[in-house]
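*Asks:* Here you go, one structure.
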Amino acid sequence: MKNPLRNTALITGASSGIGAGIALALAEHGYNLIIADKQTLAPEKKEMLENHGIEVHFIQVDISKPIAREQIVAFCKDKTTQLDLLVNNAGISVDKRQDMLEGQEDSFDKLMNVNLKGPYFLTQSISKWMIEKRNNYEEDYLPKIINIASLTSYASSTYMAEYALSKAAVSMMTKLYADRLAEYSIQVFEIRPGIIETEMTKPAKVKYDKFIHDGGLPIARWGLPGDIGKAVVAIASNLLPYSTGEVINVDGGYHLRRL
């Protein structure tokens with residue numbers, strides 16, 4: 001059932017990891033959720049979100065496919081009268097870490113299709129819908145778009161080069177959409193996670209444990225998906241009304257340059 005009175009967020013890749021943390025934080029703050037993911041949303045996770053008194057709708061799609069993005073937009077329009085927040089979170093890492101001099105084109109294409117092409121064109125479609133609603137609604141309809149990038153947007157990682165390139169491109173995508181959509185009062189932000197404890201980072205746990213133990217982070221702990229969720233809620237709550245194109249680092253201070 002469509003509920004025009006409650007804010008609705010579309011989150012990609014929210015069945016686990018950072019996306020799940022974002023979904024939980026938004027549910028706790030009363031957002032209806034539309035989750036689009038290639039992986040299945042476990043029934044118990046859906047029920048946990050719904051226990052916050054919100055609606056949860058799930059569509060299983062591969063965001064790298066054009067037809068899937070069309071299905072997402074149609075699904076959203078069927079489930080809600082308007083979309084207040086798009087969180088481009090879906091992303092994959094490299095299948096295996098290897099020297100960039102040995103990297104293969106198929107891995108490069110796969111990363112770019114999921115991490116950049118998918119969110120870029122989904123944002124194009126969703127933003128057109130947001131513009132349409134902005135032109136027809138009262139001025140208090142203030143939709144927002146949040147892109148989840150990575151500290152590898154700027155930090156060299158030669159053993160996962162294609163991942164770093166895809167996230168650097170997402171950072172520029174944020175700037176471009178922020179510039180293009182500002183005239184419609186649609187704000188666009190980038191959240192840049194650091195070392196977050198998820199299944200994706202598990203293969204590098206020993207490396208990151210040592211890095212943190214040796215003083216690599218000013219805030220000396222692993223980040224949690226909930227840390228990213230809190231940053232999303234702050235933006236969604238319109239606490240930054242005079243900002244767009246901003247990067248919010250949620251990385252334990254990694255981005256600081258220290259001597």
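Bear in mind these aren't lab numbers, they're just calculated from the coordinates by the rules spelled out. Given the structure is predicted, the values throughout are model-derived calculations rather than measurements. Here the Cβ positions follow ideal geometry from the backbone for every residue, glycine too, while neighbour counts run over all protein chains shown.
*Asks:* Can you tell me which residue within segment 136-176, out of those that are farther than 28 Å from Arg257 by Cα and in contact with a helix residue (DSSP H, G or I) (Cβ under 8 Å, 6 or more places away or on another chain), is surrounded by the fewest Cβ atoms within 10 Å (Cβ to Cβ)?
*Replies:* Top of the filtered list is Tyr141.
*Asks:* Taking the condition of being crowded, with 18+ Cβ neighbours inside 10 Å and either of a type in the set (A, V, I, L, M) or over 23 Å from Ala168 (Cα atoms) (or both), how many residues in segment 190-211 meet it?
*Replies:* Residues meeting the conditions: 3.
*Asks:* Pull up segment 180-205, narrow it to residues that are assigned to a helix (DSSP H, G or I) and over 20 Å from Glu132 (Cβ atoms), then point me to the one that is nearest to the chain's Cα centre (by Cα).
*Replies:* Of the residues in segment 180-205, the ones assigned to a helix (DSSP H, G or I) are 180-184, 202-205.
Then drop every residue that is not over 20 Å from Glu132 (Cβ atoms), which leaves 202-205.
Working: Lys202: 19, Pro203: 21, Ala204: 21, Lys205: 22 Å.
Only one residue tops the list, namely Lys202.
*Asks:* Shifting gears a bit: It is to be established whether one or more residues within segment 206-223 are within 16 Å of the chain's Cα centre (by Cα), of a type outside the set (A, V, I, L, M, F, W, C) and either in a helix (DSSP H, G or I) or at negative phi (or both).
*Replies:* Scanning segment 206-223, I find at least one residue that is within 16 Å of the chain's Cα centre (by Cα), of a type outside the set (A, V, I, L, M, F, W, C) and either in a helix (DSSP H, G or I) or at negative phi (or both), so the answer is yes.
*Asks:* For segment 6-22, name all the residues that are under 19 Å from Leu122 (Cβ atoms) and without any contact (Cβ under 8 Å) to a residue 60 or more places away in the chain.
*Replies:* Ser15
*Asks:* Another question, then. Looking only at segment 54-105, filter to residues that are in contact with a Pro (Cβ under 6 Å, 6 or more places away or on another chain) and in a loop (DSSP other than H, G, I, E, B); which one of those is surrounded by the fewest Cβ atoms within 10 Å (Cβ to Cβ)?
*Replies:* Looking at residues that are in contact with a Pro (Cβ under 6 Å, 6 or more places away or on another chain) and in a loop (DSSP other than H, G, I, E, B), I get Thr81.
*Asks:* Scanning for something in contact (Cβ under 8 Å) with a residue 60 or more places away in the chain, among the aliphatic types (A, V, I, L, M) and touching a strand residue (DSSP E or B) at 6+ places or on another chain (Cβ under 9 Å), does segment 66-76 turn up at least one residue? I'd like the intermediate steps shown before the answer.
*Replies:* Narrowing segment 66-76 to residues in contact (Cβ under 8 Å) with a residue 60 or more places away in the chain: 72, 76.
The next check asks that each one be among the aliphatic types (A, V, I, L, M); those that pass are 72.
Keeping just the survivors that are touching a strand residue (DSSP E or B) at 6+ places or on another chain (Cβ under 9 Å) gives 72.
Yes, segment 66-76 has at least one match.
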